[in-house]
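Values quoted throughout were computed directly from the atomic coordinates according to the rules given, and no laboratory measurement underlies them. Remember, predicted model here, so these are calculated numbers, not experimental data. Because the Cβ atoms are built from the backbone with ideal geometry, glycine has one as well, and the counts that use them run over all protein chains shown.
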Amino acid sequence: MNRLENWFCGSAFWRHATERKILPWMLSGYKLGDGVLELGAGLGATTEELRRRAARVTSLEYDHSFAARLGLRFRNSNVNVLQGDAAALPFPDGIFSSVIAVLVLHHLKSQEQQEKAFAEIYRVLQPGGAFLAMEIGDGWLQRFGHIRSTFVPLTPTATFARLNSVGFSKIVVDEQRAAFRICALRAG
């Protein structure tokens, strides 16, 4: 992530938007269950909200320094923070009731890495578990905001087909302004 993204994701505005708008929209009609995996925890805005809504949260962050800071922030809580890669999850099969990814997938370095992440997410979900994500569309403003950062945008229609090919069912892709949510279930 670049400096602009780090500043924005650490802002009070982003924390407020995550709490009041983004997570309620993402979770609408779905249950987190007891064991949630958060991908791309970043500066912890989503982590903070998930820990209030689930019994156990595992937050995975690619950046070592972010993961270390979050680990200290959430020690002695229901959150376990690990450093790792969404395309190679260090967990056994079928242990999470849900997987959450807020503005993470477009930061994976290629469509192949995204495909690996989709397969890994499917693998670690329990039967009937939900994959819930929020992404931004492609456009000049999004590309400008990702200068000196990885930006491999997903499209809503292609995302549906890509998740279906991994084995997800009951896939819903909802668009809202410049963003879209992804909801998909592992067949149970």
For this session: Give the label of the value calculated from the structure for volume of the Cα convex hull per residue in Å³, choosing from (1) 171; (2) 196; (3) 108.
Result: (3)
For this session: Using only C-alpha atoms and all pairs of different ones, pull out the Kirkwood radius for the range 1-77 in Å with one decimal.
Result: 13.1
Exercise. So how do 99-106, 33-40 stack up, highest first, on mean other-Cβ count within 10 Å?
Worked result: 99-106, 33-40
For this session: Please check the chain for the longest run free of trypsin sites (Lys or Arg not before Pro) that are loop-located per DSSP (anything but H, G, I, E, B) and have at most 12 other Cβ atoms within 10 Å.
Result: 1-74
Exercise. Antiparallel as a % of all DSSP beta bridges within the chain, to the nearest 5?
Worked result: 45
Exercise. Using a cut-off of 16 Å between alpha-carbon atoms, which aspartates and glutamates can reach Lys21, once sequence neighbours fewer than 8 places away in the same chain are excluded?
Worked result: Glu48, Glu49, Glu135, Asp174, Glu175
Exercise. Using only Cα atoms, what is the ratio of the radius of gyration of the range 32-117 to 2.2 N^0.38 Å?
Worked result: 1.02
